[in-house]
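Take a look at the structure set out below.
No value in this document is a laboratory result; all are computed from the given coordinates. Note that this is a predicted model, so its numbers are computed, not measured. In this analysis, Cβ positions are derived from the backbone assuming ideal geometry, glycine residues included, and neighbour counts consider all displayed protein chains.
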Amino acid sequence: MSILKAVRGTRDLLPPETDLWNRIEATARAVFERYNFREIRTPIFEDTQLFSRSVGEETDIVSKEMYTWEDRPRAQSEKAQSLTLRPENTAGVVRAYIEHRLGETGQIQKLYYIGPQFRRERPQKGRYRQFFQIGAEVLGPPSAGSESPLRDAEVLEMLAAFLNRLGIAGWKLKLNSVGSSEDRLRYVATLREALAPVAAGMCEDCRRRAASNPLRVLDCKVPEDQPIIAGLPRIWDSLDGASRAHFAAVCAALDACGITYEQDHRLVRGLDYYTRTTFEFVEDASAGQALGAQNALLGGGRYDGLSEAIGGPSAPGIGFAIGEDRLVLALQAFSQEKPQLADVYVAPLGDERNPAALALARHLRDGGLSVELGDGLFRMKKSLETADKQARSVVILGEDELASGILTVKHFATGKQFKIPRERLVEELAVLLTPSN
Ligand code: AMP
């Protein structure tokens, strides 16, 4: 029989790598909560229309990459429905915001999520078909200040704080504005005109998009098309005064806290719902390169019309999604995560001591220590070596120890041995295992 393997583009995350994933997630939670964000969890599959109406029919994601299936009705009362594994999480969060009428609180909602997303992309380093995003959204009624450029700047400042706290060696913030929906209409008309004489020489996707959704031509990665794209008009020249002032206000607030950025005129991002601010944090090649071609650590932007596009009230907002897989790659390249060891290995000498060993392990765990429990197979010489790889100390439980209640403890780092009464064991181990000892 052939061996079954994880499906192409998906992978198993094993320890000790999962320690790093947990550290990243714990850091995200700690940092985001400092900015008063709360967690939201939405389903991993949604009605297909949610994505076609928000992300956009002509985007790569919707036109090529979604895992979509027709869900057959199971009862007469049910209708067949087209469902899709979420390719991103902003649409789901905005749907939940509308469905639960969160706007009626009159306040800005600050929500973060951590979870898997699914896109049928060509797998390569840093690009998978199931990947993980850590994201956040700030949205609410305009009366609550949800359109304020200060919201954009605060989100960017939070991201800088997060990456720095994680110890990402170097990052660069790329920033742009894609303007309001009116600016976009103006720009799209200009772009359509500029593309008309050159589109015939471009790739098949670009030829189609030049007519259907010209902005998406700027997302094209085909090398031969790049010189043509470089010569196209810039979106900045189509922005009105209000959009430029909004962008300038974001920049002023970033300047005030010393966060550097560069304006990238081509940063329109591959999703239709963005308005005004768009941004990406990329790995800074000058600080060493772990990611190669897929160097975007995270991306995001403002989406002032998204709620209306899926049938909700006006709820301007800004958000981002961090590629967790890429953070892991970037961190692995520069630091080796130490394998995690248990505090204590409990070693019963002989099967008769197994029950007492479980009771002792329970006592130590109740006392806050992490315990690896051996069993009657433990042999003094041979097994001590294995225990050394799993724990920082070992407690021997033989006949004498059981009878006297005085236990033999070995601390692996120093090689020292101690005799400790059972009732003082938790306390003394805690002291012994503090990092300075
Ligand atoms: P997007 O939702 O396309 O704006 O992507 C936001 C971030 O998610 C990117 O900057 C990447 O870090 C990450 N990302 C997007 N697609 C993938 C993928 N297929 N595999 C791994 N990470 C991804």
Query - Peptides 148-161, 223-236, 395-408 ordered by average Cβ neighbours within 10 Å, highest first - result: 148-161, 395-408, 223-236
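Roughly speaking, what is the stretch gain from GLN390 to ARG8, that is 0.36 nm per residue apart minus the C-alpha to C-alpha distance, in nm to one decimal? Provide the component values of the computation, followed by the final result.
Details: separation 382, 0.36 × 382 = 137.52 nm, distance 3.28 nm.
The GLN390-ARG8 span can extend by a further 134.2 nm.
Per DSSP H run of n ≥ 4, the term is -39500 (n - 2.57); total these for the chain, divide by its residue number, and report the mean residue ellipticity at 222 nm rounded to 500 deg cm²/dmol.
Counting only the DSSP helices, I get -10000 deg cm²/dmol.
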**Report entry** Among GLU352, GLU204, GLU88, residue whose mean-square fluctuation peaks in a GNM of the chain (springs only between Cα atoms under 10 Å)
**Finding:** GLU352
Query raised in the report: Sorting VAL7, VAL394 on the 10 Å Cβ count, fewest up front, what's the list?
Result: VAL7, VAL394
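Using only alpha carbon pairs under 8 Å that are at least six residues apart, calculate the relative contact order of region 344-432 and give it in whole percent. Can you show the working numbers first?
Working: 142 pairs, mean separation 25.9, N = 89.
This gives 29 percent for region 344-432.
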**Report entry** 0 to 90° range, to nearest 10: angle between helix 354-366 axis and the chain longest Cα axis
**Finding:** 50
Report task. Starting from the Cα of LYS172, draw a straight line to each of the aspartates and glutamates and keep only those under 14 Å, dropping any in the same chain fewer than 8 residues away. Result -> GLU157, GLU262, ASP264, GLU280, GLU283, ASP284
Query raised in the report: If R0 is 25 Å, what FRET efficiency do you get for ARG379 and ALA413 from their C-beta distance, rounded to 0.05?
Result: 0.65
Report task. With a Förster radius of 35 Å, plug the Cβ-Cβ distance of ASP351 and ALA430 into 1/(1 + (r/R0)^6) and report the FRET value to the nearest 0.05. Result -> 0.75
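Taking the Cα centre as origin and putting +1 on Lys and Arg beta-carbons and -1 on Asp and Glu beta-carbons, what dipole magnitude results for region 344-432, to the nearest 20 debye? Write down the numbers at each step before the final one.
Numbers: 13 positive and 13 negative charges, 61 e Å.
Using Cβ point charges on Lys, Arg, Asp and Glu, region 344-432 gives about 300 debye.
On average, how much area does the Cα convex hull of region 344-432 cover when viewed from any direction, in nm²?
Details: hull surface 19.8 nm².
Result: 5.0 nm².
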Query raised in the report: Taking one equal scatterer on every alpha-carbon of the chain, how large is log10 of I(q)/I(0) by Debye at q = 0.06, 0.09, 0.10 1/Å?
Result: -0.37, -0.71, -0.82
**Report entry** Virtual paramagnetic centre 7 Å along Cα→Cβ of ASN36, amide N under 20 Å, in region 308-338
**Finding:** 315-320
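With a 10 Å Cβ neighbour count serving as the proxy for reagent exposure, in which order, fewest first, do TYR273, TYR113, TYR35 appear? List each step's numbers first, then the result.
Working: TYR273 23, TYR113 20, TYR35 16.
If I rank by nearby Cβ atoms, fewest first, I get TYR35, TYR113, TYR273.
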Query raised in the report: What lysines sit close enough to LYS410 to cross-link, taking a C-alpha to C-alpha distance under 25 Å and skipping anything fewer than 8 places away on the same chain?
Result: LYS338, LYS381, LYS382, LYS389, LYS419
Report task. Please give the helix 90-99 orientation as an angle from the longest Cα principal axis of the chain, in degrees from 0 to 90, rounded to the nearest 10. Result -> 90
